[in-house]
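Take a look at the structure below.
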Protein chains: 6
Amino acid sequence: MGLVIRNIPRAAPEVIDALAGFGVATVHEAQGRNGLLASHLRPIYRPAAIAGSAVTCEVAPGDNWMIHVAVEQCRPGDVLVVAPTSPCEDGYFGDLLATSLMARGVRGLVIDAGVRDIAMLTEMGFPVWSKAVFAQGTVKATVGNVNLPLVCGGALIHPGDVIVADDDGVCVVRRAEAAAVAEAAAKREASEVDKRAKLAAGVLGLDLYGMREALAAKGLKWLDEAPDE
Amino acid sequence: MGLVIRNIPRAAPEVIDALAGFGVATVHEAQGRNGLLASHLRPIYRPAAIAGSAVTCEVAPGDNWMIHVAVEQCRPGDVLVVAPTSPCEDGYFGDLLATSLMARGVRGLVIDAGVRDIAMLTEMGFPVWSKAVFAQGTVKATVGNVNLPLVCGGALIHPGDVIVADDDGVCVVRRAEAAAVAEAAAKREASEVDKRAKLAAGVLGLDLYGMREALAAKGLKWLDEAPDE
Amino acid sequence: MGLVIRNIPRAAPEVIDALAGFGVATVHEAQGRNGLLASHLRPIYRPAAIAGSAVTCEVAPGDNWMIHVAVEQCRPGDVLVVAPTSPCEDGYFGDLLATSLMARGVRGLVIDAGVRDIAMLTEMGFPVWSKAVFAQGTVKATVGNVNLPLVCGGALIHPGDVIVADDDGVCVVRRAEAAAVAEAAAKREASEVDKRAKLAAGVLGLDLYGMREALAAKGLKWLDEAPDE
Amino acid sequence: MGLVIRNIPRAAPEVIDALAGFGVATVHEAQGRNGLLASHLRPIYRPAAIAGSAVTCEVAPGDNWMIHVAVEQCRPGDVLVVAPTSPCEDGYFGDLLATSLMARGVRGLVIDAGVRDIAMLTEMGFPVWSKAVFAQGTVKATVGNVNLPLVCGGALIHPGDVIVADDDGVCVVRRAEAAAVAEAAAKREASEVDKRAKLAAGVLGLDLYGMREALAAKGLKWLDEAPDE
Amino acid sequence: MGLVIRNIPRAAPEVIDALAGFGVATVHEAQGRNGLLASHLRPIYRPAAIAGSAVTCEVAPGDNWMIHVAVEQCRPGDVLVVAPTSPCEDGYFGDLLATSLMARGVRGLVIDAGVRDIAMLTEMGFPVWSKAVFAQGTVKATVGNVNLPLVCGGALIHPGDVIVADDDGVCVVRRAEAAAVAEAAAKREASEVDKRAKLAAGVLGLDLYGMREALAAKGLKWLDEAPDE
Amino acid sequence: MGLVIRNIPRAAPEVIDALAGFGVATVHEAQGRNGLLASHLRPIYRPAAIAGSAVTCEVAPGDNWMIHVAVEQCRPGDVLVVAPTSPCEDGYFGDLLATSLMARGVRGLVIDAGVRDIAMLTEMGFPVWSKAVFAQGTVKATVGNVNLPLVCGGALIHPGDVIVADDDGVCVVRRAEAAAVAEAAAKREASEVDKRAKLAAGVLGLDLYGMREALAAKGLKWLDEAPDE
């Protein structure tokens, strides 16, 4: 009762790499403040910054069998995205699976569960964003789906969507929107260069963004001293 | 319906710097085990150790407008303290705001919410103690208060209080008590030098602190072997 | 109403050191996926990897008196294991106690509560696995037991059991089983060398472990394209 | 930048009512153990048991404006499903909105955030499944989408899907599968009548389900007494 | 090093009773959406609705000594407010203390920690809002302050402030503002009578509150059908 | 690799029933404030109050097979105690298993995981203390141990220990100590009758327990008015 889909569409490599360069915060803003995965998904080491095409993998609680199945579906430039069918923090993934994924050119793992062997994964330079670090071993008894849409960290992810992950967390970009988002992110980043320079020179955001009038209109008042309580 | 207070009292710079040197654990002990903010406020990088005068900033959930307002009220040596009016882990603060604060000589940020761009903040050397790392963007729609007392991390903070923050977390010292606390902390630290040397030489705390009698009086017994269950 | 047991059995030093080398994930697998402490016990710095004989210490909430008592019972190669009688995240332990433990040759601390002075502990190279980092000071008013069995992080620990701790967390091995577990871990590790090489060379786990037939028997199907929804 | 979809497909009323009768546990089993929302969504009073067609409503954190918009799209037999774009436990919903929904024949609310006025909602008999009870008021400043797919409680929900909710929590059934799931649930329930009678009469599940052989095959052993430790 | 303040100002009884009648949600709105305590403070039984003057009591973790001290300072119409100096969920309070408080005419307890004997408290009709239900007993070893300001559930509470608590949680009203807040709450409630009637009759909030134009101005669009994805 | 122990010792029925009558708070005090399970174990309905002999059952995450095995080992007056080998909140237990346990005279269930069918369990009057209510179904693939010691809710439980559970939570009493604990609890309860009467009559605990001197000795001071800040 599990399905594995062999062929999934992927975004253009240059778009994916551009998104990696912009990072999670900029990409998520560029697509209208959408697509963030929950903040409990944290990198096992820092700094780490990648982007890649999602290969999605559904697992049973305490059962990592389907990760072995998913490995075969991964190609260079992919990011494996794993979510359990009910909450679990077991250590589904360790250095052997990472070795296998690195051999296939996979860029990293996002897992809404636990991971182990993190000292080794750190040495190997294989980045993981996980809900927990936990050595608890898993069984191999239940099948699930690979490369069907799933919810990971509260976000819907289709196979082939672009996953962007860095020290700030993880963001998903719809494959069909990836190029447009990259373009919007580039514009946003360009506009920030100038702003950053001005702010560094001491210009206030209040003036740079022209906020004073709107704040006053909302009733904000400046007093020289605190009123008596 | 928001107020911004322009002038707040601050503690003497040399007192503030002394408190930074003692660190959170010592300062909190020196003032009678008071003033700690909740342990969920963690530094985004380590090591980090600062002290400064609190500029307080109340924000609406998912709305960072007032941080822009608070920046203008910050002076060299300050620490910005931000708390939302209801629990929120959105990413209120990133590298642009940090650039602005650094331009004003601000020493760090304490925020009972989320922060983003932490790779950049780490590179810039701008320390932040936050409840979460989360890229979620915020809006600019609601006004609040700057430099009125607020509760952050479960602790009451007045503008101008001294904020001490390091790898152990965050502590607040009332402005009027800062000098006395610094003095008490200095004494505590001095007394620890000798203790540390004795403990390092193998003297037991039981003997150094003369605890054996009090323990026995409370009924503590030493047995050579565990009793049969 | 507290007891301190002076003499506890300990495992052979070479067995303990072997277990340290294998690490938490391998050791826990080698003993049938048992013995892990809860994942909320995290190291204060990384990497860190130790093993040692458990000296167990029960403390009252917000009261670290018994840790001072436990120090005296520690010998070179031990690991101090502390658990409060009700949940608490106060900072029971800091650099002075660490100095004392290091003077006695203790290898580390596992505490289901808070720890402080972590910048100093990191510099000293004294590893701690704790539930929280929190500077909150404690009192010295209530006695408890040292070297009686206790539950720490959800796991039962007898004095003299072997504690293995690394970046993945903490595991306990029964003293009487330590040699057998070390042997099983050695076998497991040896078998992984060959697997790692094959996986690095691109052999799939599906083939290496011969999983394809079992997966198909469970009903897993491979499709070239996703079915229409 | 928000969209409101006026016309959504709905499942047949008799299918929806049948699903309500089976309840969450049976329905979720009948569709292959899928579709549960996270366990943090709890009813504000018990017992409560409904099913209805999902009208989906995305809201900004601390902003309930879109719920007012969604009300207009609700028809008799619907269930309103609300999810914030970032985690929030503010009290988005109270007795006035419930009055409005009841006037439109709506059967209940599922909200991955907070609710208030629960004493009144309980008196009115308007059931709510929420993440929190919290009186915190919200603003009306940001628009979002109504009747587009969203993730609520970690589950993907399409407008028009059937929501089943009772004391056990909340489950979603795809609209197109609702009839088949209701049929499967009916079979499951029928088969349980006989089982329940046998179990009540003292027949063991081990015998009723014929588990003894499989257990023994997995290595389970029965001993008269516990082995010596 | 503890202080007990014998005389505290209290609000007028008729104001306090009026606030009880309005309830937490209305009162908190009437004072500008301020004053809520954290949502983790939940009533041990429902329905429950009180208001009273705060007698504040600071306790050490796992130590309920000061509650006995605070009882003496309570008068008819008061609400006892207890907060530990570091997070604790021990059962500080049970039926004996409740008997004592009821004998003094106290209306209820708000405690940012645990409570026990809740079956009996329910029978006695003594309402409690707590962070946890936990039987863990406490010691009597450390003194603290009674009737000094404290932070409870993240909110600053002065002795004599009015505590309003019901099924929605707990709210604090500054004593000096209590009469004005009661007046504002009365107006708010009056205005809701008419609104409730209209909403019950099927008038939409969109029309009642005249929201359509503002929504459209923010870019909200209504479509008859969902756009193709 | 699982063991089922058929014969376990049990405490005398009259002792068990006496412990049920005293309740969790009194029993836990009577045995020196020991034996409480974690406060996250909450009853699915209230009031509920039982005591019985523990039949212990270890389960794999997401796998309830061993509960079926444990049922056979239960006798009239027992309480089934279930703990997963890694954290899990799946719905291991529902009305069919409850039917089976009731047929065997079992008094209730304590489970450090999820439960479902709670509306039915409530109607049937079968009490359950659980970590979560969650409908998530489980598989039957992995064996474990029945009637070996296990840790549940952070407490060590031996088969045959007495489990006392009521609205305050769950407590374990060692079988060999049950009679003595019941006797101590009886004394404690007797002493409380008189105290309760005095407190109800307005006698202060400060006087009843003679605390004033000890408080003053610790430095507590009473002031008529708050000192100026």
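Quick notes on this structure:
- In this entry, A:Gly137 is excluded by the filter for residues that are of a type outside the set (Ser, Thr, Tyr), open to solvent by less than 40 Å² (accessible area, probe 1.4 Å) and within 11 Å of A:Val82 (Cα to Cα).
- Scope the stretch D:157-174; condition within 23 Å of D:Ala60 (Cα to Cα) and open to solvent by 30 Å² or more (accessible area, probe 1.4 Å); matching residues: D:His158
- If only residues of the stretch D:49-63 that are part of a loop (DSSP other than H, G, I, E, B) and open to solvent by 10 Å² or more (accessible area, probe 1.4 Å) are counted, the one that is farthest from D:Val139 (Cα to Cα) is D:Ala49.
- Positions within the stretch A:75-123 being within 12 Å of chain C (Cβ to nearest Cβ) and of a type in the set (D, E, K, R), in sequence order: A:Glu89, A:Asp90, A:Asp95, A:Arg104, A:Arg116, A:Asp117, A:Glu123
- The number of residues in the stretch F:186-200 that are at the interface with chain E (Cβ under 7 Å from one of its Cβ atoms) and more than 30 Å from F:Ile16 (Cβ to Cβ) comes to 2.
- Conditions (1) at negative phi; (2) among the charged types (D, E, K, R); (3) without any contact (Cβ under 8 Å) to a residue 60 or more places away in the chain: number failed by A:Glu29: (3)
- Condition met for E:Leu96 (crowded, with 23+ Cβ neighbours inside 10 Å and more than 22 Å from C:Lys140 (Cβ to Cβ)): no
- Considering only residues in the stretch B:100-110 that are out of contact with any Asp or Glu (no Cβ under 6 Å at 6 or more places or on another chain) and in contact (Cβ under 8 Å) with a residue 40 or more places away in the chain, the one that is surrounded by the most Cβ atoms within 10 Å (Cβ to Cβ) turns out to be B:Val110.
- Tally of residues being of a type in the set (A, V, I, L, M, F, W, C) and either within 7 Å of another protein chain (Cβ to nearest Cβ) or outside any loop (DSSP other than H, G, I, E, B) (or both) across the stretch D:25-48: 4
- Matching residues, the stretch E:175-216, being open to solvent by less than 70 Å² (accessible area, probe 1.4 Å), at negative phi and not in a helix (DSSP H, G or I): E:Val203, E:Leu204, E:Met211
- Inter-residue pairs, beta-carbon under 7 Å, first under 19 Å from B:Gln73 (Cβ atoms) and in a strand (DSSP E or B) and in the stretch B:145-174, second open to solvent by 10 Å² or more (accessible area, probe 1.4 Å) and among the charged types (D, E, K, R), 6+ apart: B:Leu150/B:Glu58; B:Cys152/B:Asp112; B:Val162/B:Arg175
- Of all residues in the stretch E:219-229 being within 11 Å of chain D (Cβ to nearest Cβ) and surrounded by fewer than 15 Cβ atoms within 10 Å (Cβ to Cβ), the one that is nearest to E:Ala38 (Cα to Cα): E:Gly219
- E:Val71 meets the conditions (1) farther than 19 Å from E:Ala176 by Cα; (2) β-branched (Val, Ile, Thr); (3) open to solvent by 20 Å² or more (accessible area, probe 1.4 Å) in every case but one. The failed one is (3).
- Lone unmet requirement of (1) on the phi < 0 side of the Ramachandran plot; (2) out of contact with any His (no Cβ under 9 Å at 6 or more places or on another chain) for A:Gly105: (1)
- The stretch B:111-127, residues that are surrounded by fewer than 19 Cβ atoms within 10 Å (Cβ to Cβ) and part of a loop (DSSP other than H, G, I, E, B): B:Gly125
- Candidates in the stretch D:128-138 are the residues that are within 9 Å of chain E (Cβ to nearest Cβ) and not in a loop (DSSP other than H, G, I, E, B); of these, the one that is farthest from the chain's Cα centre (by Cα) is D:Val133.
- The number of residues in the stretch D:93-110 that are assigned to a helix (DSSP H, G or I) and more than 25 Å from E:Gly32 (Cα to Cα) comes to 3.
- Residue within the stretch D:175-188 that is in contact with a strand residue (DSSP E or B) (Cβ under 8 Å, 6 or more places away or on another chain) and under 14 Å from D:Asn34 (Cβ atoms) present: yes
- For the stretch C:9-24, the criterion of being more than 13 Å from chain A (Cβ to nearest Cβ), in a loop (DSSP other than H, G, I, E, B) and buried (at least 22 other Cβ atoms within 10 Å of the Cβ) is met by at least one residue.
- Contacts under 6 angstrom Cβ, first residue in the stretch E:48-68 being under 26 Å from E:Ala25 (Cβ atoms) and at pLDDT 95 or above, partner among the polar types (S, T, N, Q) and open to solvent by 10 Å² or more (accessible area, probe 1.4 Å), 6 or more apart: E:Val55/E:Gln73
The values are calculated or read from the model by the stated rules, or taken from the named source; none is laboratory data. This one's a predicted model, so the numbers in the text were calculated from it and none came from an experiment. Here Cβ is always computed from backbone atoms with ideal geometry, including for glycine, and neighbour counts include all displayed protein chains. The area values use the complete protein model at the heavy-atom level, side chains included, leaving out ligands, DNA and RNA. Shrake-Rupley method; radii C 1.70, N 1.55, O 1.52, S 1.80 Å.
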